[in-house]
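The values are calculated or read from the model by the stated rules, or taken from the named source; none is laboratory data. Please read these numbers as outputs of a predicted model, since none were measured by experiment. All Cβ positions, even for glycine, are placed from backbone atoms using ideal geometry, and neighbour counts span all protein chains on display.
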Amino acid sequence: MADVKYKRVVLKLSGEALAGDQGFGINPPELKTVAKELKEVYALGVQVAIVVGGGNMWRGITGEKLGMERAQADYIGMLGTIMNALSLQDALEGIGVPTRVQTSIEMRQIAEPYIRRKAIRHLEKNRIVIFAGGTGSPYFSTDTTAALRAAEVNADAILMAKNGVDGVYSADPNKDESAVKFERLTHMDIIEKGLNVMDSTASTLSMDNDIPLVVFNLNTPGNILKVVRGDKIGTTIEGEK
């Protein structure tokens, strides 16, 4: 394996990352771009697991606002993440990257059920594993899924890929010109300052299991590769300084 900082990572991809400029659904050119970026990381021998969101298809909280029962709305969102996962798998395997999709809701005809030991074995065999279906339970976000799966597979870090934002800021940089970018933070900083990185459950889970988190801009080519190599980009969130 090449000289890398993180040998096993969980990459959190939002559903919007697969939609691109169209903002909704799956955009094949965006899929291909993400797949090519991942292939570069795969070629280094880094073990990669991916948690993909479903916001490009459906958001449970949106359904709730429209009067739908929240648990039911969340289950629909989980199905959206599975659609994204299968699309990403196809894009990766189309360029020669072996991939497995594991779902927290069983769909044996199209994907493996999530089994922790099997997921770790796939990673050890240098297959990219895509975790779909969230945690399998309503009321939990895919951010929480990323923190949970990272702890379960003993990942070295969670890579939080953002669309157009190159790290964590004191305020929304698109709305506040005085917003300051942080290079390093602790998990407690995120919770105490109420910074919009991931939901509080995911932040607490990452802190309790001492899992570093790197927030970076997915839209800059080569950034995933730079993060696993340990280049100083984005914002790194770790335990106490």
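Val153 versus (1) more than 18 Å from the chain's Cα centre (by Cα); (2) crowded, with 16+ Cβ neighbours inside 10 Å; (3) within 24 Å of Asp74 (Cβ to Cβ): which is the lone unmet condition?
Failing condition for Val153: (1).
How many residues are in contact with a Phe, Trp or Tyr (Cβ under 7 Å, 6 or more places away or on another chain) and aromatic (Phe, Trp, Tyr) if we restrict to region 96-144?
2
Name the residue that is surrounded by the most Cβ atoms within 10 Å (Cβ to Cβ), counting only residues in region 81-100 that are under 20 Å from Leu148 (Cα atoms) and either at pLDDT below 95 or among the hydrophobic types (A, V, I, L, M, F, W, C) (or both).
Selected residue: Ala85.
Taking region 126-146 as the region of interest, how many residues are at negative phi, among the aromatic types (Phe, Trp, Tyr) and in a loop (DSSP other than H, G, I, E, B)?
Going through region 126-146 one residue at a time, the tally reaches 1.
May I ask you to verify whether Ala111 is small (Gly, Ala, Ser), crowded, with 17+ Cβ neighbours inside 10 Å, over 22 Å from Pro221 (Cβ atoms) and without any contact (Cβ under 8 Å) to a residue 40 or more places away in the chain?
Yes; evaluated as a whole, the condition is true for this residue.
Only one residue in Ala71, Ala19 is under 22 Å from Thr103 (Cα atoms) and buried (at least 18 other Cβ atoms within 10 Å of the Cβ), so which one is that?
Selected residue: Ala19, the only one of Ala71, Ala19 that is under 22 Å from Thr103 (Cα atoms) and buried (at least 18 other Cβ atoms within 10 Å of the Cβ).
Residues that are at pLDDT below 90: which helices (runs of 4 or more DSSP H) entirely in region 1-74 hold 2 or more of them? Before the answer, list the steps.
On the way: elements: 16-19, 28-43, 60-65.
In region 1-74, 16-19, 60-65 are the helices (runs of 4 or more DSSP H) which contain 2 or more residues that are at pLDDT below 90.
Say whether the condition of being surrounded by 15 or more Cβ atoms within 10 Å (Cβ to Cβ), under 17 Å from Trp58 (Cβ atoms) and among the small types (Gly, Ala, Ser) is met by at least one residue in region 119-128.
Within region 119-128 (the criterion being surrounded by 15 or more Cβ atoms within 10 Å (Cβ to Cβ), under 17 Å from Trp58 (Cβ atoms) and among the small types (Gly, Ala, Ser)), the answer is no, since none of the residues qualifies.
Failed condition for Val46, given (1) free of Cβ contacts under 8 Å to residues at least 60 places away in the same chain; (2) surrounded by 15 or more Cβ atoms within 10 Å (Cβ to Cβ); (3) closer than 25 Å to Leu213 by Cβ; (4) not small (Gly, Ala, Ser), with all others met?
Checking Val46 against (1) free of Cβ contacts under 8 Å to residues at least 60 places away in the same chain; (2) surrounded by 15 or more Cβ atoms within 10 Å (Cβ to Cβ); (3) closer than 25 Å to Leu213 by Cβ; (4) not small (Gly, Ala, Ser), the one that fails is (1).
Based on this model, can you work out whether Leu11 counts as surrounded by 19 or more Cβ atoms within 10 Å (Cβ to Cβ), touching a strand residue (DSSP E or B) at 6+ places or on another chain (Cβ under 8 Å) and under 14 Å from Leu92 (Cβ atoms)?
Against the criterion (surrounded by 19 or more Cβ atoms within 10 Å (Cβ to Cβ), touching a strand residue (DSSP E or B) at 6+ places or on another chain (Cβ under 8 Å) and under 14 Å from Leu92 (Cβ atoms)), Leu11 qualifies.
Which residue is surrounded by the most Cβ atoms within 10 Å (Cβ to Cβ), if the candidates are limited to region 207-241 and must be hydroxyl-bearing (Ser, Thr, Tyr) and modelled with pLDDT of 95 or more?
Here is the first cut: in region 207-241, the residues hydroxyl-bearing (Ser, Thr, Tyr) are 220, 235-236.
If we keep only those that are modelled with pLDDT of 95 or more as well, we get 235-236.
Details: Thr235: 23, Thr236: 20.
In this case the residue turns out to be Thr235.
What pairs can you find where one residue is in region 174-185 and more than 13 Å from Lys232 (Cα to Cα), the other is hydrophobic (A, V, I, L, M, F, W, C), and their Cβ atoms are less than 7 Å apart, with a gap of 6+ or different chains?
Ala179/Ala171; Leu185/Val168; Leu185/Ile237
For region 156-176, how many residues meet the condition of being farther than 30 Å from Val46 by Cα, touching a strand residue (DSSP E or B) at 6+ places or on another chain (Cβ under 9 Å) and aliphatic (A, V, I, L, M)?
0
Could you check, for region 101-122, whether at least one of its residues is over 26 Å from Arg229 (Cα atoms), of a type in the set (D, E, K, R), modelled with pLDDT of 95 or more and part of a strand (DSSP E or B)?
Yes, that holds for at least one residue.
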